[in-house]
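Working notes, structure below.
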Amino acid sequence: MDTAGKPKILIVDDERAQVGLLCLQLKDEYFPISAHSGEKALELVETQAPDLILLDLMLPESDGYEICNKLKNDPRFKFIPIIAISGFFEKQNKIKAIQAGADDFISKPIDRFELKTRIKSLIRIKKNYDALQESEKNFRTLVDSTLDGIFILDFEGRIIEANSAVGKILDIGLDEVIGKSIVRFLAPESIRTAIEDQENILNGKGGYLSTYKVISSKEEEVWIEALGNKITYNDRPANIVVIRDITLRKKAEESLINAKVAAEAANRTKSEFLTNVSHELRTPLNSIIGFSDLLKEGIAGPLNEKQSKYVQFISLSGKNLLGIINDILDLSKAEAGNEELRRENISVDESICRAISIILPQTLGKNITLTYRSESKMINLYADMSKLHQIMYNLLSNAVKFTPAGGSIEVFSRREEASVFITVKDTGIGIPEEKLDEIFKPFVQIDSSLNRIFEGTGLGLALVKKYVEMHGGNIWVESKIGEGSSFIIELPEPATELTFN
């Protein structure tokens, strides 16, 4: 007999002729297995795992009610359909059979067509249930294998389902999680946020992505990121939440914030130190410059040629040093936020021409051609005149310093939409590509070797960048080694005078 793929039917009846008849009636579609006692039936259920049981209620020793009750109370077998068979089914017998767990009942003599119809219906239900169980098992395996915790909250905020990752994150068994309020596991400062998220999601205001602090079973703080969405679970609204342990990320963020605060404090301390030192140095330096100028003018008597030359060197060196100290002081003020802008409507053309007139002697000394072109003489800015002059002077001075004799410097100004663009282009030595992002940092030099050809502190461009940004603008550089550099400034051009902080 070919039994492959056929559902197994366990027939339990002490009447052997009845069992034989049922086997003949069912063998074309099913694989019948026979048992003539309750004990044998229980044994075959263990070993054969039938798909359905036909159970006579009037058995010797253990009756069918008892056998049915045992099977339905065993988690392994409770979903095997049982059709109770009896020679007489009064109402009381039917009620007793149902109470014992029978899924259906049929009276003797058994109608073949009716029996097959009921068997087919119950086996189809069993197959659907088995498929559902398998699907649920696979889904549970998938959910439990994820590193993220997944749980479902009911309307009152109780955890009604959870995967194993939830227990791992909380360092607690799932049996101690299911049925408990989510509030029980939250740190006090996160409770209000969690309640608001729960209320919003159940009121149809959409999902959420929030960060909570929870307390593990070891009283350790654990940071989690929670993604919640509304679902229907057991015909009721619920909140399915996916959580991820972000404690390491949170600690890294806190370390970065602490490092940033410490760096800002150190930077303020440095700026304050430079400001104080600069102030202390300027007083004696002014005296040195003043007295050397008096000596040079002969106030204290005539000087010979060598003495006059030395005094001139003292005065020039003192003035250079004073310029450096002033740059340090200006940069320290800007970095500390103590520098204020005194804005007024100024002509861009006049400001650039003023800076050019001051730098012109240096260009003539190196035989550098300096040209200026403006799109319009009517370009105005609402800016700090002294700061804009300092910006232009520093850029032009920098261009002269790095442009060899016989080179050229070009200055352009133009208006575009709500911005003014000023470009200072030279034919100097150029800047290496890896240095382009560093030249605006304080004390950075393009040539950092011990025998630098070009003198300077590296503060000029840092100060330019600070002043440009104070005006709400941007500055960038385009350069190639041996071909020169172009410094481009973009400054906003307000249509009316605005109040700036």
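The values are calculated or read from the model by the stated rules, or taken from the named source; none is laboratory data. All of these numbers come straight from a predicted model, not from anything done at the bench. Because the Cβ atoms are built from the backbone with ideal geometry, glycine has one as well, and the counts that use them run over all protein chains shown.
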If a residue has to be of a type in the set (S, T, N, Q) and in contact (Cβ under 8 Å) with a residue 12 or more places away in the chain to count, how many in the range 308-325 make the cut?
3
In a loop (DSSP other than H, G, I, E, B), among the small types (Gly, Ala, Ser) and surrounded by fewer than 20 Cβ atoms within 10 Å (Cβ to Cβ): is that true of GLY5 in this structure?
yes
When residues of the range 408-437 are limited to those that are in a loop (DSSP other than H, G, I, E, B) and out of contact with any strand residue (DSSP E or B) (no Cβ under 7 Å at 6 or more places or on another chain), the one surrounded by the fewest Cβ atoms within 10 Å (Cβ to Cβ):
GLU417
Find the residue count for the range 280-298, including only residues that are acidic (Asp, Glu) and surrounded by fewer than 16 Cβ atoms within 10 Å (Cβ to Cβ).
2
Among (1) modelled with pLDDT of 85 or more; (2) within 30 Å of GLY20 (Cβ to Cβ), which single condition is ASP130 missing?
(1)
With the requirement that a residue be hydrophobic (A, V, I, L, M, F, W, C), surrounded by 17 or more Cβ atoms within 10 Å (Cβ to Cβ), modelled with pLDDT of 90 or more and farther than 19 Å from VAL464 by Cα, what does the range 363-407 give you?
ILE368, LEU370
Name the residues in the range 43-58 that are under 14 Å from GLY101 (Cβ atoms) and assigned to a helix (DSSP H, G or I), would you?
VAL45
Selection from the range 26-55 of residues that are at pLDDT 90 or above, more than 60 Å from the chain's Cα centre (by Cα), buried (at least 21 other Cβ atoms within 10 Å of the Cβ) and not aliphatic (A, V, I, L, M):
PRO32
Can you tell me which condition PRO109 does not meet? The list is (1) touching a residue at least 12 places away in the same chain (Cβ under 8 Å); (2) in contact with a Gly (Cβ under 9 Å, 6 or more places away or on another chain), and all the others hold.
(1)
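For every residue, the table says whether it meets (1) of a type in the set (S, T, N, Q); (2) in contact (Cβ under 8 Å) with a residue 60 or more places away in the chain.
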position: ILE169; (1), (2): no, yes
position: SER181; (1), (2): yes, no
position: ILE191; (1), (2): no, no
position: ILE195; (1), (2): no, no
position: ASN203; (1), (2): yes, no
position: GLY206; (1), (2): no, no
Checking the conditions here, which among SER216, SER255 is over 15 Å from ILE150 (Cα atoms) and touching a Leu at 6+ places or on another chain (Cβ under 6 Å)?
SER216
Modelled with pLDDT under 80, out of contact with any Cys (no Cβ under 7 Å at 6 or more places or on another chain) and buried (at least 17 other Cβ atoms within 10 Å of the Cβ), is that true of LEU329?
yes
Would you point out which residue out of LEU10, LEU21 is touching a strand residue (DSSP E or B) at 6+ places or on another chain (Cβ under 9 Å) and either outside any loop (DSSP other than H, G, I, E, B) or touching a residue at least 60 places away in the same chain (Cβ under 8 Å) (or both)?
LEU10
I'd like to check something: does the range 482-496 contain any residue that is at pLDDT 50 or above, assigned to a loop (DSSP other than H, G, I, E, B) and either among the aliphatic types (A, V, I, L, M) or in contact with a Cys (Cβ under 8 Å, 6 or more places away or on another chain) (or both)?
no
Going by the conditions given, is GLU61 at pLDDT 85 or above and either acidic (Asp, Glu) or assigned to a helix (DSSP H, G or I) (or both)?
no
Identify all residues within the range 208-226 that are loosely packed, with under 15 Cβ neighbours inside 10 Å and not small (Gly, Ala, Ser); write none if there are none.
LEU209, THR211, LYS218, GLU219, GLU220, GLU221
Going residue by residue through the range 301-315, is there one that turns out to be out of contact with any Leu (no Cβ under 6 Å at 6 or more places or on another chain), among the β-branched types (Val, Ile, Thr), assigned to a helix (DSSP H, G or I) and closer than 30 Å to THR146 by Cβ?
no
Would you call PRO75 under 28 Å from ALA131 (Cα atoms), at pLDDT 90 or above and of a type outside the set (S, T, N, Q)?
no
